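Read through the structure below, which is laid out as structure tokens, and then see the notes.
Read-outs: derived from the displayed coordinates by stated rules, not from any lab. Small disclaimer: the values here were computed from a predicted structure and weren't measured. Cβ placement follows ideal geometry from the backbone for every residue including glycine, while neighbour counts extend to all protein chains displayed.
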Amino acid sequence: MAALSKNEIERYSRQILLRGIAAQLKLKETRALVVGAGGLGATILPLLASAGIGSITVYDGDTVERSNLGRQHIFRENDIGNNKALSAARVLRDLNPHIEVVAQAHNFTESDAPALAHTDIIFEGSDSLAAKFLLNDLACRLRKTLFIAALGAAQGHAMLVAGNACYRCVFDEITEGELPNCATEGILSTAPAVIGAAVAHAGIEYLLHPDYETKFWIFEKNHCRKVAVRKRQNCKNHAA
């Protein structure tokens, strides 16, 4: 088992005070894969890095645009035109030099599935329904823990795929155009941070205290609620 350096113990001292050395070592040994470094990923990524997740791989093929800067807080003016995954990785390495960060400057596709074999937890925060279904199906097949999140002007949601039900049990009958999309609907700059932080927090809690019950959170403007999700009878996926 890897050990914590003196600097790491000082850096994570408040978490260690709450959860202990063993919990912090577990985070250090965790390998996370994050799909999307945009509105949601821009909050999820630095929180995972700050918490001490030992290895983070981020996928994103988009470039930073000026319209991103209002809500994607890890980017700056001088990042405009640069790849999001590469820019995010640079920020994370600067934020926490004790972790490994790998940038994949392209969108996650089925050809990237082998990367999941060495992944402990997955976070999907892209604006693509096809990507969400792909990660859902792969996570179910490989029995990997997956958090999927999406957001729009009036509502956002997040789902933990680790139990009996999966993302298709809720959204299998909708089309790409029906998924909330801040690019077409608009969004307050604070909304992605609220949902992203909730997902990162839930992910850290899950790693330290695994709970295989399927969870689905709905964020509606000024409040959040959690609802139970049952497996759809004709769903062919079998989550871990």
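Results, tabulated for the structure shown:
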read-out	value
Projected label distance in nm at ALA117 and ARG66, using a 7 Å step from Cα toward the beta-carbon	4.6
Sorted by Cβ density within 10 Å, fewest first, the residues VAL170, VAL161	VAL170, VAL161
Footprinting exposure proxy for HIS106, HIS209 (fewest neighbouring C-beta atoms within 10 Å first)	HIS209, HIS106
Net charge dipole size for region 1-83 [Lys, Arg +1 and Asp, Glu -1 on Cβ; Debye, nearest 20]	420
Label-point separation, THR109 to GLN155 (7 Å along Cα→Cβ), nm	3.3
Cα-projected label distance for ASP211 with ARG141, points at 7 Å along beta-carbon direction, nm	3.0
Sites matching trypsin sites (Lys or Arg not before Pro) across region 127-194 that sit in DSSP coil, with at most 13 neighbouring C-beta atoms within 10 Å	ARG143
Most positive-pole-ward Cα, VAL91, VAL64, LEU27, against dipole of the chain from beta carbon charges	LEU27
Relative exposure of ARG14, ARG93, judged by other C-beta atoms within 10 Å (fewest first)	ARG14, ARG93
HN-Hα J in Hz across region 31-44 - Karplus 6.51, -1.76, 1.60, θ = phi - 60°, x for Gly and Pro	10, 10, 10, 10, 9, x, 10, x, x, 7, x, 5, 9, 4
Hz values of 3J(HN,Hα) by residue in region 194-203 - Karplus curve (6.51, -1.76, 1.60), Gly and Pro given as x	4, 5, x, 5, 4, 5, 4, 5, 4, x
Reach of LYS84 by Cα under 23 Å, taken over lysines that are not fewer than 8 positions away in the same chain	LYS132
Region 101-113 - phi-based ³J(HN,Hα) in whole Hz, Karplus 6.51/-1.76/1.60, Gly and Pro as x	10, 10, 9, 10, 7, 8, 6, 5, 10, 4, 5, 8, 3
Separation of alpha-carbon centers, region 182-208 and region 108-142, rounded to whole Å	18
Under 18 Å from the Cα of LYS226 - aspartates and glutamates, other chains or at least 8 residues apart	GLU205, ASP211, GLU213
Interchain or long-range residues, amide H under 5 Å from VAL102's placed H	ILE56, THR57, VAL58
Stretchable slack from ARG19 to ARG230, in nm (0.36 nm times residue separation minus alpha-carbon distance)	72.8 nm
Lysines whose Cα lies under 27 Å from that of LYS6, excluding same-chain neighbours fewer than 8 positions away	LYS26, LYS28
Anisotropy class of region 138-201 from Cα gyration tensor, a/c 1.5 cut	oblate
